[in-house]
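Down below is the structure, laid out as structure tokens.
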């Protein structure tokens, strides 16, 4: 693990602010998330994945979500994007 666990309350506070700001900003042409690929919340071993899931609930199904990950961090399962509301791919990176 790259660092200490993030508390659920801190994670939710930060992500709620991001969600609020993004909701105000839409419509946008696309979303690119630059994530550490090592974010572990105290009750969620895949904090990066939760961010992706929560953003997917905000953006239209027709909009792609691009994800850039620091792949050196750890084994990670992540969604690499969506096209026309369908999962484009789930990839396991080791």
State which residue is surrounded by the most Cβ atoms within 10 Å (Cβ to Cβ) when the search covers only segment 43-67 and only residues that are out of contact with any helix residue (DSSP H, G or I) (no Cβ under 8 Å at 6 or more places or on another chain) and farther than 16 Å from residue 16 by Cα.
63
Give the number of residues within segment 63-94 that are in a loop (DSSP other than H, G, I, E, B), in contact with a strand residue (DSSP E or B) (Cβ under 8 Å, 6 or more places away or on another chain) and at pLDDT 50 or above.
4
Those residues of segment 8-36 which are assigned to a loop (DSSP other than H, G, I, E, B) and touching a helix residue (DSSP H, G or I) at 6+ places or on another chain (Cβ under 9 Å) amount to 28, 36
Can residue 34 be described as loosely packed, with under 11 Cβ neighbours inside 10 Å, closer than 21 Å to residue 69 by Cα, without any contact (Cβ under 8 Å) to a residue 60 or more places away in the chain and touching a strand residue (DSSP E or B) at 6+ places or on another chain (Cβ under 8 Å)?
yes
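The values are calculated or read from the model by the stated rules, or taken from the named source; none is laboratory data. This one's a predicted model, so the numbers in the text were calculated from it and none came from an experiment. Counting neighbours? That spans all protein chains shown, and the Cβs are built from the backbone with ideal geometry, glycine included.
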